[in-house]
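Beneath this line is the structure, given in structure tokens, with notes to follow.
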Amino acid sequence: MAKVAPLALHVPEPAVRPGGVPDFSSVKIPKAGTVPRPDVDTGSEAIRELAFSIIRVLNREGEAVGPWAGLLSDDELRDGLRDMMTLRTFDARMLVSQRQGKTSFYMQHLGEEAVSCAFQKALAPGDMNFPTYRQAGLLIASGYPLVTMACQIYSNARDPLKGRQLPVLYSSKEHGFFTVSGNLATQYVQAVGWAMASAIRGDTKISAAWIGDGSTAESDFHAALVFASTYKAPVVLNIVNNQWAISTFQGIARGGAGTFAARGLGFGIPALRVDGNDYLAVYAVAKWAIARARSNLGPTLIEYVTYRVGAHSTSDDPSAYRPKTESDAWPLGDPVIRLKNHLIRRGAWSEERHRQAEAEILESVIAAQKEAESFGTLHSASRPSAREMFEGVYAEMPPHLLRQRQRAGV
């Protein structure tokens, strides 16, 4: 009998370790404007190549080109730029607050602002996002008050969640932002279930699921795809591929082959990859997928190719697992700078107006921060009563809890 070699596991390795030269040669970037825009009722098999390419609108000169361009006016683009600048400024101020000991924890969005800010503008009132912890742009782009965001981060007397959540795990039904779960990937299944319920009711509202590249390795992700594809749920399934999970590169979840978008193809779900640092491209792809969902054509899977510039959180040191200069080498650039340059090229913006906007936004963020800091801590006198705790958690009190509350005399 021939001798058989011992078995061995394959463990994917990042292209570069700390101290090495950043390498993004594996990221194949097509020329802007070259990826076709299919009709919204096109099936997954006919657009299979879109799961392996990258949809781009803004070219290197700041021009909007190709079939995905032309959907936004100058005013809408300026609003989008301000949304991204606001998120970036808010991040910077909250990061300093954490370093000063004013809050326990914070997570930045640096480099990923276009993904959530642009997507939110494509939704309609009543639609529901099921986000992870790096989609605060959904709130900012929907007009959520910065003071309220800061109050939750400080867990103070005006914290809308009364200290029940980590600082960045927001929740706002009114703004279509389902409570962020600290348990990774659980929101994916919830988003599909919400969409199915909307269809069962005969409503017109759709949902959007959000997940990071690392969390796609969780079983909830795959379970969500099963239900979404089987029942053609009106949901947009978003994967934010920012290249790094908490401390592991994307290859650990992806397995070193294919793309994250391609996982949708096995379920018969149309799948697209988009330049996540291109505000115009993100909006166009989101609009396409949302139109599919609202037209009873079922789910769409979108992979946003972007890069996490900052640390995973204030508890993380990225220099321990990636080169310090890697963010500078990222080939798709900075979303804020790219949209700014596009507006300037259109004659709808200028460097002077940009500096003025930066100053105005900084002033408004500082004002919101100071107002939030003036409310004080969530001390014992302002903690919710037993009745408030019950009513704040349950929309309708279950019978056994009603009896429990009565026994407690509250």
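The values are calculated or read from the model by the stated rules, or taken from the named source; none is laboratory data. This one's a predicted model, so the numbers in the text were calculated from it and none came from an experiment. Cβ atoms come from the backbone with ideal geometry, glycine included; neighbour counts cover every protein chain shown. We work out accessible area using only protein heavy atoms, side chains counted, and drop any ligands, DNA or RNA first. Shrake-Rupley method; radii C 1.70, N 1.55, O 1.52, S 1.80 Å.
Please go through region 62-75 and pick out each residue that is out of contact with any Lys or Arg (no Cβ under 7 Å at 6 or more places or on another chain) and either in a helix (DSSP H, G or I) or more than 12 Å from residue 118 (Cα to Cα) (or both).
Looking only at region 62-75, we keep the residues that are out of contact with any Lys or Arg (no Cβ under 7 Å at 6 or more places or on another chain), and these are 64-66, 69-70, 72-73, 75.
Matches in region 62-75: 64, 65, 66, 69, 70, 73, 75.
Somewhere in region 182-194, is a residue outside any helix (DSSP H, G or I) and either under 22 Å from residue 140 (Cβ atoms) or in contact with a Cys (Cβ under 8 Å, 6 or more places away or on another chain) (or both)? Yes: one or more hits.
Of the residues in region 27-43, at least one is modelled with pLDDT under 95, open to solvent by 50 Å² or more (accessible area, probe 1.4 Å), out of contact with any Pro (no Cβ under 9 Å at 6 or more places or on another chain) and farther than 30 Å from residue 165 by Cα. Mind checking whether some residue in region 314-327 is closer than 30 Å to residue 153 by Cα, of a type in the set (S, T, N, Q), part of a helix (DSSP H, G or I) and modelled with pLDDT of 95 or more? Within region 314-327, none of the residues are closer than 30 Å to residue 153 by Cα, of a type in the set (S, T, N, Q), part of a helix (DSSP H, G or I) and modelled with pLDDT of 95 or more. The number of residues in region 273-291 being over 22 Å from residue 254 (Cα atoms) and open to solvent by 10 Å² or more (accessible area, probe 1.4 Å) comes to 4. Within region 178-201, at least one residue is under 20 Å from residue 144 (Cα atoms) and touching a Phe, Trp or Tyr at 6+ places or on another chain (Cβ under 7 Å). Just the residues that are surrounded by fewer than 17 Cβ atoms within 10 Å (Cβ to Cβ) and under 24 Å from residue 305 (Cβ atoms), please, taken from region 322-358. Within region 322-358, 324, 325, 328, 329, 331, 333, 337, 345 qualify.
For region 49-57, indicate whether the set of residues that are out of contact with any Leu (no Cβ under 9 Å at 6 or more places or on another chain) and hydrophobic (A, V, I, L, M, F, W, C) is non-empty. Yes, some residue in region 49-57 is out of contact with any Leu (no Cβ under 9 Å at 6 or more places or on another chain) and hydrophobic (A, V, I, L, M, F, W, C).
Annotation: of all residues in region 62-106 being within 24 Å of residue 145 (Cβ to Cβ) and hydroxyl-bearing (Ser, Thr, Tyr), the one that is surrounded by the fewest Cβ atoms within 10 Å (Cβ to Cβ) is 104. Taking region 44-61, which residues are among the small types (Gly, Ala, Ser) and either over 9 Å from residue 271 (Cβ atoms) or crowded, with 24+ Cβ neighbours inside 10 Å (or both)? Of everything in region 44-61, those that are among the small types (Gly, Ala, Ser) and either over 9 Å from residue 271 (Cβ atoms) or crowded, with 24+ Cβ neighbours inside 10 Å (or both) turn out to be 46, 53.
Of all residues in region 259-272, which are in contact (Cβ under 8 Å) with a residue 12 or more places away in the chain and open to solvent by 10 Å² or more (accessible area, probe 1.4 Å)? Hits for region 259-272 are 259, 262, 263, 265, 267, 268.
Conditions tested, residue by residue: (1) over 14 Å from the mean Cα position of the chain (by Cα); (2) surrounded by fewer than 19 Cβ atoms within 10 Å (Cβ to Cβ).
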{"residue": "200", "(1), (2)": "yes, yes"}
{"residue": "207", "(1), (2)": "no, no"}
{"residue": "211", "(1), (2)": "no, no"}
{"residue": "224", "(1), (2)": "yes, no"}
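Among residues of region 324-350 that are more than 21 Å from residue 65 (Cβ to Cβ), those with a Cβ under 7 angstrom from a residue that is in a helix (DSSP H, G or I), sequence gap 6+ or separate chain, pair up as 350/344.
Annotation: residue 251 fulfils all but one of (1) at pLDDT below 95; (2) open to solvent by 10 Å² or more (accessible area, probe 1.4 Å); the unmet one is (2). Does at least one position in region 227-234 carry a residue that is closer than 25 Å to residue 109 by Cα and polar (S, T, N, Q)? No.
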